[in-house]
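Input: a single structure, listed below in structure tokens.
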Amino acid sequence: MTDEQILNKELDEVESPVKAPADFTSPEELYDELMKSIKKYRPNTDLTMIEKAYNIARKAHEGQFRKSGEPYIIHPICVAIILAELELDKETIVAGLLHDVVEDTVMTSEDVAREFGDEIALLVDGVTKLTQLNYSADKVELQAENLRKMFLAMAKDIRVVLVKLADRLHNMRTMQYQKPEKQKEKSRETLEIYSPIASRLGISKIKVELDDLSMKYLMPDVYNELVEKISLSQKEREIFINGIIKEVKMHIDNAGIEAEIDGRVKHFFSIYRKMVNQNKTLDQIYDIFAVRIRVETVKDCYAALGVIHEMYKPIPGRFKDYIAMPKQNMYQSLHTTLISSTGQPFEIQIRTHEMHRIAEYGIAAHWKYKEGGKGDSNEQAKMAWLRQILEWQKDMSDNKEFMSSVKSDLDLFSDSVYCFTPSGDVKNLPAGSTTIDFAYSIHSAVGNKMVGARVNGKLVNIDYVLKTGDRVEIITSQNSKGPSRDWLSIVKSAQARNKINQWFKQELKEDNIIKGRDLIATYCKGKNINLSEISKPEFMEKTMAKYGFRDWDSLVAAVGHGGLKESQVVNKLCEEYEKKKKKEITDQEIMASIDNGANNADRTAKVPAKKSSSGIVVKGVDDVAVRFSRCCMPVPGDEIVGFVTRGRGISIHRTDCVNIINLPESERTRLIDAEWQAESIVNDEKYSVEISIYANNRIGIIVDITKVLTERNISVTAMNCRINKQDKATILISFDVSSTEELKTLVDKIRNVEGVLDIERTRG
């Protein structure tokens, strides 16, 4: 976090005490409210950890106040209350109470881990990093980078973003104490980023309030006018809705259907969007009034619909079956718009109790954290869009393109169309989608080979706009030359646009690589930079990591097609080169040191080996730059050897490392004797190690293996698993140990796990 960001944070939220509002609730009362809320859905849970978190947070934030003049501790308690209203696990609630302690107090992530364990420390750390995102609608590069971080945080643990949504909701509820420019900035960010994410996760309970609060500060005149107009008819509306409820209840009861019925007015922002999009006045919006019927089963939903359509006349084209065809965020309900006996249009929504719970709480209704459990199939479906975005992150170097795709994908205000494949599968596409969108929703190969389409059995143009209920058959040909650039202006979905762009990038990759190399070389020449000097593999690796590329050619191709500026690439290479130059020891210095050591040994009695601060004894050499090779990952107890590198000091390898065994004869002169210092084997220093586990594939094998590591307090740094056609699993795990003895003990324990066939240590 920069000094400027820290200063802004302090000015915004942690100020000198001012007179607190007379009506603020005390922390003690709010804490009691939190505990009561948790006990409603977890009556038998142990709340000791939550009480401990509250006491630590209160002490850490002591003396800090918000803009309102309230004690700062009120904010984290209110965040925790919002999380409890979503009926989340106690770990998430603890993270809510502690979410600001690392950023705003002297408490560190290590302190949190020590008091509450690694799981909660990771949640708090994740929220802290999201808090440090500096959103700016005017800076596409920065905004894209912030979003990338947000989606990666969500992929690691969705609870991080749930805490952040609760944090944002409470901040929006107290936005009246901020300056007007801050109100607008935060409201715009909320409306463009946080509200759509809440909607994508299906949490309407948070989404609708974020929308209305954002509208209140971004469009105060429109908001106040809407509130005034709706409140003017409040009495008449209540009489109207209560009459409908009473009438519907009577008929539903007579049909023998058990149901709960209530009425509501749509939230203000939803009404406003409909007025703008449909160019209508308030009295022309049909579904401003809605009656909600909640029943036990799906069968009861359709039975209730039959009763309602007998009672009232439905408006044609205004019936939507989201039970048979759920929305992308898994929302399910029946919607029908009807005309009352007085001529007033209103909407009825019919759903089961479970559907209602999911509509309100979204992914929070599914997310279970019990001894390794990670949610159910509904949760996996809800997260499919996130997996799609993470794929875009890998493929897209152009931040403008990435932002366009993400915003399009997050845009939940546009309606959807539901079309069918010839085999009857449903495809959910944005309104206005064409047959090209449909083709790419099946598979990128289908879209790339598309030459035509049939809709409902008839040949149509490829720019035909699809309607709900259309049955679409895509005609493909192996002789197709691929998509046309014109398609980019025809397609509606971000998915199709992204796949078309990817095809062009891949097809023209060779040309783009050549062009990119020329651009980089020309830029270096103009700036008097020695390209060969900065084009070292280690510098290139850091540059690829920064811009999210897996190989150098792809990065250069991105420069060639304009997705990345050559100046960005060269500047990053130079930055890494300068970092290295500061601490670099030259070959001549190292070799001279070795020679001197050898000469001294010849002239006098045997000279003891010099010690290195790294815990390695390099014979005949004083303390030099020593690093452990990543190829074989040596740990204390391994037989080791040093290799004098070009410009990077000495790298330490295991003697059985594949790279050392296969070292050319001409390079063997660079090998130097090395051994572990005696104290390095007994101290608390940790060293990275990687093992390959070969096992029969079965459900729960990953959990059983990681349990062995967790029980011994071993930190896993990376894991990868793949299954072959014979259903055999290869699991690569990287973790930290202090010695070969500890590693051997762990390997022996893992060998006892059911299904494990063999274990090997990485040799390079």
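The values are calculated or read from the model by the stated rules, or taken from the named source; none is laboratory data. Note that the structure is a prediction, hence the values are computed from the model and not measured. Cβ coordinates were reconstructed from backbone atoms using ideal geometry, including for glycine residues, and neighbour counts include every protein chain displayed. The area values use the complete protein model at the heavy-atom level, side chains included, leaving out ligands, DNA and RNA. Shrake-Rupley method; radii C 1.70, N 1.55, O 1.52, S 1.80 Å.
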Task: In the range 52-72, the residues that are surrounded by 15 or more Cβ atoms within 10 Å (Cβ to Cβ) and closer than 19 Å to Glu115 by Cα - done: Ala53, Tyr54, Ile56, Ala57, Arg58, Ala60, His61
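Quick check on my filter: what residues within the range 81-102 are assigned to a helix (DSSP H, G or I) and in contact (Cβ under 8 Å) with a residue 60 or more places away in the chain? Break it down stepwise before answering.
Pass one, the range 81-102, residues assigned to a helix (DSSP H, G or I): 81-85, 90-98, 101-102.
Residues satisfying the conditions are Ile82, Leu83, Glu85, Glu91, Thr92, Ala95, Gly96.
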TODO: Would you be able to say whether some residue in the range 333-348 is in a strand (DSSP E or B) and in contact with a Cys (Cβ under 9 Å, 6 or more places away or on another chain)?
DONE: yes
Open item on the list: Condition (residue is under 39 Å from the mean Cα position of the chain (by Cα) and among the small types (Gly, Ala, Ser)) applied to the range 277-300: is it met by at least one residue?
Closed with: yes
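Could you list all residues from the range 331-345 that are under 10 Å from Ile315 (Cα atoms) and open to solvent by less than 50 Å² (accessible area, probe 1.4 Å)? Working first, answer last.
Going residue by residue through the range 331-345, those that are under 10 Å from Ile315 (Cα atoms) are 336-339, 345.
Selection gives Thr336, Thr337, Leu338, Pro345.
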TODO: For the range 304-316, state whether one or more residues are within 24 Å of Arg200 (Cα to Cα) and crowded, with 16+ Cβ neighbours inside 10 Å.
DONE: no
TODO: Being hydroxyl-bearing (Ser, Thr, Tyr) and open to solvent by 20 Å² or more (accessible area, probe 1.4 Å) narrows it down to one of Thr297, Thr352, so name that one.
DONE: Thr297
Open item on the list: Can you confirm whether Val18 is β-branched (Val, Ile, Thr), modelled with pLDDT under 90 and over 16 Å from Thr128 (Cα atoms)?
Closed with: yes
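Name every residue in the range 630-670 that is touching a Phe, Trp or Tyr at 6+ places or on another chain (Cβ under 9 Å) and closer than 20 Å to Glu741 by Cα, in order of residue number. Spell out how you get there, then give the answer.
In the first step, residues of the range 630-670 are kept if they are touching a Phe, Trp or Tyr at 6+ places or on another chain (Cβ under 9 Å); the result is 633-638, 640, 650-653, 659-660, 663, 667, 670.
Correct list: Met633, Pro634, Val635, Pro636, Gly637, Asp638, Ile640, Ile652, His653.
Look at Lys481 and say whether it is assigned to a loop (DSSP other than H, G, I, E, B), in contact with a Pro (Cβ under 9 Å, 6 or more places away or on another chain) and under 30 Å from Asn428 (Cβ atoms). Steps first, answer last, please.
Working: assigned to a loop (DSSP other than H, G, I, E, B): yes; in contact with a Pro (Cβ under 9 Å, 6 or more places away or on another chain): no; under 30 Å from Asn428 (Cβ atoms): yes.
It is false that Lys481 is assigned to a loop (DSSP other than H, G, I, E, B), in contact with a Pro (Cβ under 9 Å, 6 or more places away or on another chain) and under 30 Å from Asn428 (Cβ atoms).
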Task: Qualifying positions in the range 174-213 - closer than 17 Å to Asn329 by Cβ, touching a residue at least 24 places away in the same chain (Cβ under 8 Å), crowded, with 20+ Cβ neighbours inside 10 Å and among the small types (Gly, Ala, Ser) - done: Ala198, Ser199, Gly202
Open item on the list: Name the residue that is nearest to Asp300 (Cα to Cα), counting only residues in the range 253-274 that are of a type outside the set (D, E, K, R) and at pLDDT 85 or above.
Closed with: Ile257
Task: helices (runs of 4 or more DSSP H) (entirely within the range 514-574) containing at least 2 residues that are over 23 Å from Gly649 (Cα atoms) - done: 537-547, 552-560
TODO: Quick one: which residue in Met150, Met172, Met154 is modelled with pLDDT of 85 or more, closer than 27 Å to Arg357 by Cα, in a helix (DSSP H, G or I) and of a type outside the set (Lys, Arg)?
DONE: Met172
Task: Residue in the range 443-475 that is nearest to Lys499 (Cα to Cα), counting only those that are touching a residue at least 24 places away in the same chain (Cβ under 8 Å), open to solvent by 70 Å² or more (accessible area, probe 1.4 Å) and within 36 Å of the chain's Cα centre (by Cα) - done: Asp463
TODO: State all residues of the range 103-128 that are surrounded by fewer than 24 Cβ atoms within 10 Å (Cβ to Cβ), more than 21 Å from the chain's Cα centre (by Cα) and assigned to a helix (DSSP H, G or I); if no residue qualifies, say none.
DONE: Asp104, Glu110, Asp111, Ala113, Arg114, Glu115, Phe116
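Return yes or no: is Arg654 within 17 Å of Ile640 (Cβ to Cβ), modelled with pLDDT under 80, among the basic types (Lys, Arg) and more than 28 Å from the chain's Cα centre (by Cα)? Steps first, please.
Numbers: within 17 Å of Ile640 (Cβ to Cβ): yes; modelled with pLDDT under 80: no; among the basic types (Lys, Arg): yes; more than 28 Å from the chain's Cα centre (by Cα): yes.
Answer is no for this residue.
A quick yes/no check of all residues on (1) open to solvent by 50 Å² or more (accessible area, probe 1.4 Å); (2) touching a residue at least 24 places away in the same chain (Cβ under 8 Å); (3) acidic (Asp, Glu):
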position: Lys728; (1), (2), (3): yes, yes, no
position: Ile733; (1), (2), (3): no, yes, no
position: Lys744; (1), (2), (3): yes, no, no
position: Ile750; (1), (2), (3): no, yes, no
position: Glu754; (1), (2), (3): yes, yes, yes
position: Asp758; (1), (2), (3): yes, yes, yes
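Would you point out the residue of the range 418-442, among those that are among the β-branched types (Val, Ile, Thr) and part of a helix (DSSP H, G or I), that is farthest from the chain's Cα centre (by Cα)? Don't jump to the end; show me each part of the working.
Keep residues of the range 418-442 that are among the β-branched types (Val, Ile, Thr), which gives 421, 426, 434-436, 442.
Adding the requirement that they be part of a helix (DSSP H, G or I) leaves 435-436, 442.
Details: Thr435: 31, Ile436: 29, Ile442: 25 Å.
Here the answer is Thr435.
Somewhere in the range 690-705, is a residue part of a strand (DSSP E or B), of a type outside the set (A, V, I, L, M) and buried (at least 16 other Cβ atoms within 10 Å of the Cβ)?
Within the range 690-705, the subset part of a strand (DSSP E or B) is 690-696.
Subset that is of a type outside the set (A, V, I, L, M): 690, 692, 694, 696.
Now restrict to residues that are buried (at least 16 other Cβ atoms within 10 Å of the Cβ): 690.
Yes: one or more hits.
Conditions tested, residue by residue: (1) more than 20 Å from Ala359 (Cα to Cα); (2) in a loop (DSSP other than H, G, I, E, B); (3) without any contact (Cβ under 8 Å) to a residue 40 or more places away in the chain; (4) among the acidic types (Asp, Glu).
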{"residue": "Lys280", "(1), (2), (3), (4)": "yes, yes, yes, no"}
{"residue": "Arg294", "(1), (2), (3), (4)": "no, no, no, no"}
{"residue": "His309", "(1), (2), (3), (4)": "yes, no, yes, no"}
{"residue": "Arg318", "(1), (2), (3), (4)": "yes, no, yes, no"}
TODO: Test each condition in (1) modelled with pLDDT of 80 or more; (2) open to solvent by less than 40 Å² (accessible area, probe 1.4 Å) for Ile288 and report the one that comes out false.
DONE: (1)
Task: Listing of helices (runs of 4 or more DSSP H) fully contained in the range 175-263 that carry 3 or more residues being in contact with a strand residue (DSSP E or B) (Cβ under 7 Å, 6 or more places away or on another chain) - done: 234-254
